[in-house]
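Okay, so here's the structure we're looking at.
Every number in this text was worked out from the coordinates using simple rules, so none of it is lab data. In this text the structure is predicted, and so the values were computed from the model without any measurement. Positions of Cβ are backbone-derived with ideal geometry, glycine not excepted, and every protein chain shown enters the neighbour counts.
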Amino acid sequence: MLGLRSARLVFRRPGAPASVTLFPMVHVGDAAFYDAVHADALDHDVVLFEGVRSPVGRQLTLSYRWIDLPKLGLILQPRLRAEGNGNVRLLHADLSTDDFHACWREVPYWLRLAVVLLAPLVGLQRRLFATRKSLAERMSLEDRLSSDEILDWDPTWAAFRRAILGVRDERLVAVLGEQLDQIGEGGKRLAIIYGAQHMRAVRAELSRRGFVCVESGWRTVIAL
């Protein structure tokens with residue numbers, strides 16, 4: 001099927017009972033995608049999920065929250081809820097509001113201002129011109145850094161990327177490590193529902209701990 005797809009990846013360490021299932025996410029997609037991911041993830045023992053509560057975050061997300069989603073037949077990524085799903089435990093693995101704001105203050109003021117002003121302009125442009133195809137193409141991402149990503153790296157944006165991506169990666173990896181270190185002989189099934197870009201750090205940590213991918217599959221995020 002044509003469109004944007006997300007890989008469902010299951011990792012295990014040889015000889016160990018634990019498993020970790022990765023659900024790379026995007027902020028906009030078909031409702032059926034989120035329904036399937038949430039039902040699958042909530043069938044695990046522990047779910048690590050993302051989310052930073054901050055007025056800064058709400059301003060930045062105007063770049064996609066202003067898209068005319070009903071016209072395109074899409075929805076925003078819904079909040080994960082565990083009601084009626086047995087003994088699954090939801091674990092917030094992202095930065096607290098205070099921790100995020102501390103990182104955000106390290107970004108140069110002019111860059112913070114530029115990003116905050118640019119986000120609604122991007123949102124307006126997408127509201128007027130975005131299509132399912134243009135959104136799918138823009139959100140395309142591979143496991144490894146592409147040549148374009150490597151060549152486009154700019155030290156001017158380093159502090160911004162660290163606040164939005166790097167520090168949150170470190171927090172996620174730390175929480176994942178704590179969970180893996182606590183697993184006993186009975187085993188545990190972990191699920192990680194997080195933005196696709198953060199999964200690169202997760203895969204690197206799992207590889208460091210001796211985990212290998214033993215199962216993979218695809219789910220369509222935006223069908224074309």
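A few comments on the model shown:
- Taking N as its residue count, the alpha carbon Rg of segment 21-81 over 2.2 N^0.38 Å: 1.23
- Förster radius 22 Å - calculated FRET efficiency between Ser140 and Cys213, Cβ distance, rounded to 0.05: 0.60
- Karplus 3J(HN,Hα) series, Hz, for segment 21-37 with 6.51 cos²θ - 1.76 cosθ + 1.60 (x for Gly, Pro): 10, 9, 10, x, 10, 10, 7, 9, x, 6, 4, 4, 5, 5, 4, 5, 5
- Taken one residue at a time, the phi angles of segment 3-19 give Karplus couplings (6.51, -1.76, 1.60, θ = phi - 60°) of x, 8, 10, 10, 8, 9, 10, 10, 10, 9, 9, x, x, 10, x, 6, 9 Hz. Gly and Pro are set to x.
- Folded to 0 to 90 degrees: helix 167-181 orientation relative to the chain principal axis, Cα: 10
- Principal axes of segment 162-224: Cα extent on each, largest first, Å: 45, 31, 16
- Whole-angstrom gap from segment 1-73 to segment 159-201, using each part's C-alpha centre: 14
- Angle between the chain longest axis and helix 109-129 axis [Cα atoms, degrees, rounded to 10]: 90
- Rg and Dmax of the chain, Cα atoms only, in Å: 18.0, 55
- Normalised contact order of the chain, rounded percent, pairs of Cα under 8 Å and 6 or more residues apart: 47
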